[in-house]
């Protein structure tokens, strides 16, 4: 079974170069043309899959907190105090 790890050395530099200068007609070029910020992908390439999952979980938790705060602010003052 293959062990997943962060990109390093030459593999990291190859991946970064593909993101900086995608081949015409490639899926990376299509993503860039669609408006996806490829520089964000470059930063995550240095992370291991476990580190990426940890960041994703933190982002999900933050989004849940924001949703909770937004829903509380939408309640009437009487509803807020009864919770």
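Quick note: the coordinates plus some simple rules give every number you see, no bench work behind them. Remember, predicted model here, so these are calculated numbers, not experimental data. In this analysis, Cβ positions are derived from the backbone assuming ideal geometry, glycine residues included, and neighbour counts consider all displayed protein chains.
The simple spin-label model puts a point 7 Å past each Cα toward its Cβ; for residue 72 and residue 44 those points are separated by 3.0 nm.
For the stretch 1-44, the C-alpha radius of gyration sits at 1.28 times the compact-globule guess of 2.2 N^0.38 Å, with N the residue count. Computed from Cα positions, the angle between helix 9-20 and the longest principal axis of the chain comes to roughly 70 degrees.
How far, in degrees from 0 to 90, does helix 49-74 lean away from the longest principal axis of the Cα atoms of the chain, to the nearest 10? Between the helix axis and the principal axis of the chain, the angle is about 30 degrees. What separates the Cα centres of the stretch 42-69 and the stretch 10-36 is a distance of 23 Å.
Between residue 3 and residue 64, what is 0.36 nm times their sequence separation minus the Cα-Cα distance? Round to one decimal in nm. Each step should come with its number before you reach the end.
Values: separation 61, 0.36 × 61 = 21.96 nm, distance 3.15 nm.
Fully extending the segment from residue 3 to residue 64 adds 18.8 nm.
Label point of residue 53 set 7 angstrom out along Cα-Cβ; within the stretch 1-23, amide nitrogens under 12 Å from it belong to 4-5. With contacts taken as Cα pairs under 8 Å at a separation of at least 6 residues, the stretch 1-79 carries a relative contact order of 36 percent.
Given the convex hull over the Cα atoms of the chain, what projected area results after averaging over all orientations, in nm²? Show your work: numbers first, answer last.
Details: hull surface 36.1 nm².
That works out to 9.0 nm², a quarter of the Cα hull's surface.
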